[in-house]
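Each remark here refers to the structure printed beneath this line.
The values are calculated or read from the model by the stated rules, or taken from the named source; none is laboratory data. For clarity, every value in this text was computed on a predicted model and none was experimentally measured. Every residue, glycine among them, receives a Cβ derived from its backbone with ideal geometry; neighbour counts consider all protein chains shown. All accessible areas refer to the heavy atoms of the entire protein, side chains included, with ligands and DNA or RNA removed. Shrake-Rupley method; radii C 1.70, N 1.55, O 1.52, S 1.80 Å.
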Amino acid sequence: MSELATHETSAASFALSAEQEELRSRARALVEREGFAERSLEWEQTGEFPWANVKALAGEGLLATTIPVEHGGNGGSWMEGALVLEEIARACWVTAMASLGEIGVQSQALAAYGSDEVRAKYLPQIASGDLICSVCITEEQAGSDIFSMSTIATDDPDSGEVVVNGGKALISRGDVAGLFVVYVRWSQDPGMRPIGAVLIPRDTPGLTIDEGRETLGGEKLYALSFDTCRIPASYVLARENGFKKMLTAFNGQRCLNAAISVGLAQGAQDAAVAYVKQRVQGGKALAEHQGIQWMIADNEIEIQSARQLVWRAAAAASGGFPNRHDAAIAKVVSNEMALRVTDRVVQLFGGHGWLKEFPAERFLRWARYGPLGGGTPQIQRTAIAREVLK
Ligand SMILES: Cc1cc2nc3c(=O)[nH]c(=O)nc-3n(C[C@H](O)[C@H](O)[C@H](O)COP(=O)(O)OP(=O)(O)OC[C@H]3O[C@@H](n4cnc5c(N)ncnc54)[C@H](O)[C@@H]3O)c2cc1C
């Protein structure tokens with residue numbers, strides 16, 4: 001274990017229970033044993049879904065971290081989810097993104113708001129890594145402005161089914177997901193009231209998925225289209241007036257998105273610490289130059305501070321969902337911190353930081369995702385200000 005990791009553990013024991021420390025160590029050991037860091041660039045370059053890593057996480061019981069015990073999971077909270085995701089992101093952002101839904105928002109939304117039928121059917125499959133979920137909110141014309149979405153769900157009184165029409169854009173894991181949590185509107189009324197969510201299995205007639213678009217992080221993003229997709233009424237997660245409850249799950253997602261930012265920033269810092277200790281310039285290791293030490297110190301200060309906010313937001317949920325304000329603050333601070341830290345890390349590597357064979361450049365690219373997904377910093381700041389000013 002590096003000096004940094006030892007130091008980090010002693011600081012962490014201030015806040016974590018023995019069980020949480022054990023969980024974190026187990027996640028770290030698995031990530032190292034399975035070589036998540038070593039293969040991380042490969043997943044990006046091939047665009048393949050990291051099944052090997054997801055299966056390894058499932059085998060260790062980590063994919064089921066937050067799934068209720070009665071549905072094959074470990075019954076952990078958002079805090080446990082954040083700890084595991086931080087360890088994954090420290091080595092491989094692609095895998096962190098691949099398991100975010102299972103460890104976080106989709107499985108939690110299903111557990112909290114799904115019917116008995118869908119919980120019994122899908123949660124054990126998610127826990128075992130046999131079923132990947134994807135959340136579908138964004139539309140080509142409705143990004144941050146969620147309430148302008150046009151995908152619509154209507155009840156068919158004859159069959160008792162729900163019929164969904166419309167389309168989604170920029171969706172992760174459209175290639176592999178077996179189940180989509182799709183946000184819909186139930187009427188054309190304006191504002192939040194008509195927005196709810198349904199579950200649409202991949203094999204539903206009328207669902208088509210495109211070939212995906214190339215991205216900065218390697219993972220393709222997909223467009224889905226729903227042409228008279230029929231689902232049982234038991235596949236509804238939220239009807240009209242249900243958006244607020246879905247948002248509670250989304251506040252959890254924000255904590256976990258923030259945990260990923262903290263993890264990848266820590267991974268970048270670990271790589272930089274190792275590099276500046278062995279790279280000699282001006283007759284001594286880079287680490288002995290004061291200017292370098294201050295950059296390492298700034299990284300440490302920022303990572304530790306952001307981590308505390310993530311833990312605070314996740315821990316305050318105490319078995320429920322994190323509140324919007326805490327989650328928004330944790331997300332903005334962590335996302336923006338990761339951009340600064342990974343940028344500094346590229347600088348610490350110098351020109352070598354630009355090379356793909358060194359880890360610095362990939363952490364910088366990965367950090368760019370945080371402020372784009374799960375609600376941008378602009379939207380989070382609007383929500384934070386609204387809370388402060390009310
Ligand atoms: C890697 C990746 C994975 C993704 N995966 C998914 C997924 O699985 N499911 C899903 O549903 N979506 C996903 N998204 C989409 C993501 O959630 C949206 O890109 C995000 O919500 C922003 O929407 P937009 O791209 O339409 O940007 P816009 O909403 O068009 O925003 C453009 C810019 O304007 C700013 N802005 C917008 N409105 C305001 C305002 N009122 N005040 C101030 N500034 C504002 C934004 O902050 C942003 O900087 C993913 C995106 C990425 C990059």
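Restricting attention to region 355-390, the residues that are outside any helix (DSSP H, G or I), away from the ligand (no atom under 16 Å from the Cβ) and open to solvent by 40 Å² or more (accessible area, probe 1.4 Å) add up to 5. With respect to Gln45, is the statement that it is open to solvent by 20 Å² or more (accessible area, probe 1.4 Å) and closer than 16 Å to Leu256 by Cβ true? No.
If you go through region 218-238 one residue at a time, how many are assigned to a strand (DSSP E or B), of a type outside the set (A, V, I, L, M) and within 16 Å of the ligand (Cβ to nearest atom)? Residues that pass the stated criteria total 3. Within the set Glu102, Glu48, the sole residue that is at negative phi and either hydrophobic (A, V, I, L, M, F, W, C) or assigned to a helix (DSSP H, G or I) (or both) turns out to be Glu102.
Taking region 119-196 as the region of interest, the strands (runs of 3 or more DSSP E) fully inside it that hold 2 or more residues being open to solvent by less than 50 Å² (accessible area, probe 1.4 Å) and more than 12 Å from the ligand (Cβ to nearest atom) are 152-156, 161-172, 179-185.
Which residues, taken from region 95-118, are open to solvent by 20 Å² or more (accessible area, probe 1.4 Å) and within 16 Å of the ligand (Cβ to nearest atom)? Gln108 - this is the single residue of region 95-118 that is open to solvent by 20 Å² or more (accessible area, probe 1.4 Å) and within 16 Å of the ligand (Cβ to nearest atom). The single residue among His325, His352 that is more than 16 Å from the ligand (Cβ to nearest atom) and touching an Asp or Glu at 6+ places or on another chain (Cβ under 8 Å) turns out to be His325.
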